[in-house]
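K.L.:
One structure, as structure tokens, below. Some questions next.
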């Protein structure tokens with residue numbers, strides 16, 4: 001199971017990171033536990049994790065109007081994890097760009 005899917009780099013998450021420099025967000029597998037998320041972050045980024053908070057988001061219903069009629073669908077559900085690192089440690093998401 002791939003635990004970490006992608007890092008969250010949104011306006012809201014960037015504001016949280018600026019306010020609390022040791023917190024980072026990730027989209028994770030819905031079946032992953034907090035201990036698995038902690039272990040995956042520590043292995044991938046070589047940092048020490050102090051705590052992990054998780055939340056599950058339900059997918060939104062989307063509708064759009066086209067020439068052929070109304071098309072409706074649903075965005076997928078996802079799980080988000082907020083990882084707090086030990087003081088003095090950071091993760092640089094932009095180093096490989």
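What follows is calculated from the coordinates using simple rules that are stated; it is not laboratory data. Please read all numbers here as calculations on a predicted model, not as lab measurements.
K.L.:
Using alpha-carbon positions, what is the distance between the centroids of the stretch 1-51 and the stretch 74-97, in Å?
P.N.:
So the separation of the two Cα centres works out to 4 Å.
K.L.:
Still on this structure, please answer the following. If I stretch the segment between residue 84 and residue 39 completely, what's the gain in nm (0.36 nm per residue apart, minus their alpha carbon distance), one decimal?
P.N.:
14.9 nm
K.L.:
I would also like to ask the following. Sort largest first and round to whole Å: the equivalent ellipsoid semi-axes of the chain, each the square root of five times a Cα gyration tensor eigenvalue.
P.N.:
31, 16, 12
K.L.:
Right, next: Calculated from DSSP H runs of 4 or more alone, at -39500 (n - 2.57) each and per residue, what is the 222 nm mean residue ellipticity of the chain, nearest 500?
P.N.:
Theoretical 222 nm ellipticity from helices: -6500 deg cm²/dmol.
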